[in-house]
Structures are given as structure tokens and as C-alpha cells.
Amino acid sequence: MARPGYGPAGVICVAGAKECVADRVARVCAPDGLEWVTVACLAGETCTAGECGPTAVTACTPYTGQCVNGAAAVCKADGSGYSITDCPGASVCTGAGLCQGVACVVGTRCSAQGNLRTCASASTASWPMRARR
């Protein structure tokens, strides 16, 4: 006889169903539907949609930059990684993802790959390469 609220013959869950019961604990319904099997996530894992997997880690600090093989690399807004942009013309990447060079006219603006820049000095043109927001 079935228990009230549990379905036929003691079934308490749908076979194979998965759910999280805590940040680092998942559970799976047994093949016969009669019990839940608890699964503790390993170190560095969290439970998402009933399965343990790698904990989301930001790859970088948003909007910080660096130079990578001569290109400007600026961390994306969500910290998921870098947006790489080649420095234009005769400019070179220096510092925290800044392109500098002598290839501009003071006060002019240019846009490359969605990045708006203004030339400040013809001798040491400097403009940050910012990721789109």
C-alpha cells in the first residue's frame, strides 16, 4: 500500500531526478524511485542543477589590463577572461593594457573594435583599450 503523498508503492521521487540540497551537496533519485542518494561535492566543486561541478572562478579582475605578445589585453566586465586588441598603427602596448605611439593627431578620436579613443599627445599618444560595457 502506498504511503500518503508518496505515490505508488512507496515511490518518493522520479528515478534519475537530481537536485541540490546545499551548495556542496547533490542528491539523485535511485532507479527504483524509493530513495534519494546523497552525493557530497569534492573540494573545488559546487552543486548546480543537481550536479557537482567546478566552482566558478573569475579569471581576472574586471577592467584590469596587461600586454600580451604586444597586444592590449583588458579583463572583461564579468571577469571571465581577457579581451585582446592589437595596438593600431605604429603604437605599442605598454603598462596595463595601454597602447602608446606617435601615430595620431592631438584631439582626434578613433574607434577600433568598439573602443573609443582620443589622442592626447602626438609624441606620446596614449589611450586605454577598454572592453565594451
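Taking Cys99 as the residue in question, decide whether it is outside any strand (DSSP E or B), at pLDDT 80 or above, farther than 30 Å from Gly16 by Cβ and not assigned by TED's automatic domain parsing to the domain that holds Lys18. So Cys99 does not fit the description; no. Scanning region 39-78 for residues that are outside any loop (DSSP other than H, G, I, E, B) and among the hydroxyl-bearing types (Ser, Thr, Tyr), we see that the one that is farthest from Lys18 (Cα to Cα) is Thr46.
For Cys47, are the conditions met, namely being closer than 30 Å to Gly81 by Cβ and in contact (Cβ under 8 Å) with a residue 24 or more places away in the chain? So Cys47 fits the description; yes. Scanning region 70-101 for residues that are touching a residue at least 24 places away in the same chain (Cβ under 8 Å), of a type in the set (A, V, I, L, M) and surrounded by 14 or more Cβ atoms within 10 Å (Cβ to Cβ) yields Ala72, Ala73, Val74, Ala96, Leu98. Among the residues making up region 19-35, those that are under 19 Å from Ala9 (Cα atoms), of a type in the set (A, V, I, L, M, F, W, C) and surrounded by fewer than 17 Cβ atoms within 10 Å (Cβ to Cβ) are Ala30, Leu34. Taking the stated definitions as given, is Ala90 modelled with pLDDT under 65 and more than 28 Å from the chain's Cα centre (by Cα)? No; evaluated as a whole, the condition is false for this residue. Against the numbered list (1) surrounded by 14 or more Cβ atoms within 10 Å (Cβ to Cβ); (2) modelled with pLDDT of 85 or more, Cys60 comes up short only at (2).
The values are calculated or read from the model by the stated rules, or taken from the named source; none is laboratory data. Small disclaimer: the values here were computed from a predicted structure and weren't measured. FYI the Cβ positions are ideal-geometry reconstructions off the backbone, even for glycines, and counts take in every protein chain you see.
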